[in-house]
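Taking it in order: structure first as structure tokens, then the write-up.
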Amino acid sequence: MIGIYDVVRKPLITERATSALDRSNTYVFDVHPAANKVQIKNAIEKLFNVKVLSVNTANRKGKVKARRSGRKQLMVELASRKKAYVRLRAGDAIELF
């Protein structure tokens, strides 16, 4: 079983995440790949003392990139990620910085 401190890895601050926050009070987090929606909801509520309305998740497969090592070209696969879009109750907020 995954602990609440292992579920949420870090908040993602991108242009898309910022616009989702402004539009619908939705925060985006990088989460553990094995975490499910219930675990993510419980972890966010306990860590930040807020009420979570919904959780949507997205798995992003790692990209394959070409790297050069001298004359050889190596194909390297970058790590896969799982993102969670967490929508909070109106009036609740998470202080990220």
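All of the numbers you see were taken from the coordinates with simple rules; none came from a lab. All figures in this text were calculated on a predicted structure; none of them were measured in a lab. Glycine gets a Cβ as well: all are built from the backbone with ideal geometry, and neighbour counts include every protein chain shown.
Between 0 and 90 degrees, the angle of helix 37-48 with respect to the longest Cα principal axis of the chain falls at about 70 degrees.
Near Ile44: Cβ cut-off under 12 Å, other residues only, Lys/Arg at +1 and Asp/Glu at -1. The net charge is +4. Cβ-to-Cβ counts within 10 Å put Glu15, Glu77, Glu45 in ascending order as Glu15, Glu77, Glu45, the fewest first. For the chain, the longest principal axis of the alpha carbon atoms and the long axis of helix 15-24 meet at an angle near 20°. Quick one: net charge of Gly62's neighbours, Cβ under 10 Å, K/R +1, D/E -1? Net charge in that neighbourhood comes out at +4. Overall, the chain carries a charge dipole of about 720 debye about its Cα centre when +1 sits on the Cβ of Lys and Arg and -1 on the Cβ of Asp and Glu, all other atoms neutral.
Entry note, the chain: the mean residue ellipticity at 222 nm calculated from DSSP H runs of n ≥ 4, each adding -39500 (n - 2.57), is -7500 deg cm²/dmol after division by the residues and rounding to the nearest 500. You can think of it this way: the chain between Lys10 and Leu78 has 22.7 nm of extra reach, that is 0.36 nm per residue less the Cα-Cα gap. (1) 312; (2) 126; (3) 102: which one is volume of the Cα convex hull per residue in Å³ as calculated from this entry? The value computed from this structure is option (2). Taking the average, over residues, of other Cβ atoms within 10 Å as the packing measure, peptides 69-76, 89-96 rank 89-96, 69-76 from highest down.
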